[in-house]
Amino acid sequence: MRSLRNRLILVFVAATVAPLAATWWVAASLLEHSLSYSTTDQLDMLSRSLEEAGRELYQRACESLKREAANATPIFYARGQEAAWTTEVREFWESGEPERFRLTEDGVLEYMTRQPGGVGLYTGKFGFNMSRLASEYRQARETVSRARARDLRRGLLFTFASLATAVWAFSLILLIFTAHRVSHPIRQLTAGLERLASGDLETRLETKRTDEIGRAIRAFNDMAAQLKSSRERLVYLTQLASWQMLARKMAHELKNSLTPIRLTMEEILARRNENDQEFIEQAARIVVDEVESLGRRVRAFSDFAAEPPLRREALDVNSILEERVAFLRTAHPELRYTLRLDPSCPHTLADEDLLKGILTNLLENAAEAAGPGGTVMVKTSVADAQVAIEVHDSGPGLSDEARRCLFEPTISFKEHGMGLGLSIARKNALRLGGDVLLVEGELGGAAFRVVLPQAVSRSVPESSRVAI
């Protein structure tokens, strides 16, 4: 009952029932007042008074004609001459009545009596058109009957009540529909927020609306995506912090072990004799080489654990990419480099040394994956106020296992790698406010995208678009 839809419905009911009741009371009062001036009742009373008056007048005329008939000579219709009788006389004779009064349409009152040998007919002037009065009386009674049959007051009230109820019911249905349309996306957004608060960062809401609610749902989806990305970055940085601590400890322990080894070998060389000089020199060279190799690994772990201060400045991404590719072409002349640089790509706000280190690492990995005769493609673009740099190679691509632990720091003993390159590259990109992402390759191999924050809206000349 506390939902927004139910509250809207209650507000509508409260806002309409009171005015509707007041309107009903006013309308009924006005109708009652107006119908009080109706002539139906007066017409009924007048018609009944005329009926009584006409009946009394008719009776008096009949009594007067009957008294006059006692001293008057009637028009006699004798038996045996029925062919000459009028229809009224014949009907009277056949009825067996002793006497009958009849009022003609001309206003003549006839008095027929049954006499020995026939029918006596007395006539007299009535003095009033009773037929007209009877006709008007019938019309008045019919009017009263129709008015009472319709029951005007009840009909008008019923019509008004039906119309008001229909309008109110339609408005209520329309409000319920509108309330549902308004409250449904809000309930959907509330449910999404609850799932998001419970830790489900994959929650996304679908909407086709373009109003404020639609913008709110799209903002929710963007927020959920940003929270997911932020959580992934936070987890990654937390893992890197653990590895950095481990790297510092390992570097310290290796330094502690390398120092006595070096000193011991120096002392062995100083005390050598001529008989085993060649063997000692060979063993010393092997130990020194291994110590130097371990020293390089110690420095790599130290670099991984160290975080020098950032020096942010506006950098031309296209120019730096051209410089890095030109630098690496000499080291990999067997590869083909393709540049697809967006001339409208703005500058990025980053540390030049860190950015060059990220690009060098990705380009070196791409060159190693592509192999002799392969292709490395580099392109830039702009999306959502971010500068995007992509590096694609034509190598065999990455296995599912490699994809799962791609950015995790590992210890590698291959000749040209320590297993920390991608981890360091992504860590530096995160420090710059961006990220390194694995994307779908366009050359059949692996592909990485570096996203960095945009510095200023500044275009690069068309001459910066180069294809090598």
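The values are calculated or read from the model by the stated rules, or taken from the named source; none is laboratory data. This structure is a prediction, so every number in the text was calculated from the model and none was measured. All Cβ positions, glycine included, derive from the backbone under ideal geometry; neighbour counts span all protein chains shown.
General observations
- The single condition from (1) out of contact with any Lys or Arg (no Cβ under 9 Å at 6 or more places or on another chain); (2) within 20 Å of THR338 (Cβ to Cβ); (3) of a type in the set (Gly, Ala, Ser) that GLY357 fails is (2).
- Residue among LEU430, LEU420 that is at pLDDT 80 or above and either over 21 Å from TYR337 (Cβ atoms) or in the same structural domain as SER319 (by TED's automatic domain parsing) (or both): LEU430
- Among helices (runs of 4 or more DSSP H) entirely within region 310-429, having at least 3 residues that are within 44 Å of the chain's Cα centre (by Cα) and surrounded by 18 or more Cβ atoms within 10 Å (Cβ to Cβ) singles out 352-370.
- Restricting attention to region 324-342, the residues that are out of contact with any strand residue (DSSP E or B) (no Cβ under 9 Å at 6 or more places or on another chain) and modelled with pLDDT of 90 or more total 1.
- Residue within region 64-74 that is surrounded by 11 or more Cβ atoms within 10 Å (Cβ to Cβ) and not in a helix (DSSP H, G or I) present: yes
- Here is the figure for region 201-237: residues that are within 30 Å of PHE407 (Cα to Cα) and either modelled with pLDDT under 80 or not in a loop (DSSP other than H, G, I, E, B) (or both) total 21.
- Note on region 151-174: among residues that are surrounded by 11 or more Cβ atoms within 10 Å (Cβ to Cβ) and among the charged types (D, E, K, R), the one that is modelled with the highest pLDDT is ARG153.
- Close pairs from region 74-99: first in contact (Cβ under 8 Å) with a residue 12 or more places away in the chain and closer than 15 Å to GLN115 by Cα, partner assigned to a helix (DSSP H, G or I) and basic (Lys, Arg), Cβ under 9 Å, at least 6 apart: TYR77/ARG90; GLU99/LYS66
- Selection from region 205-228 of residues that are loosely packed, with under 13 Cβ neighbours inside 10 Å and not hydrophobic (A, V, I, L, M, F, W, C): GLU206, LYS208, THR210, ASP211, GLU212, ARG215, ASP222, GLN226
- Once region 75-129 is narrowed to residues that are out of contact with any Lys or Arg (no Cβ under 7 Å at 6 or more places or on another chain) and of a type in the set (Phe, Trp, Tyr), the residue that is surrounded by the fewest Cβ atoms within 10 Å (Cβ to Cβ) is PHE76.
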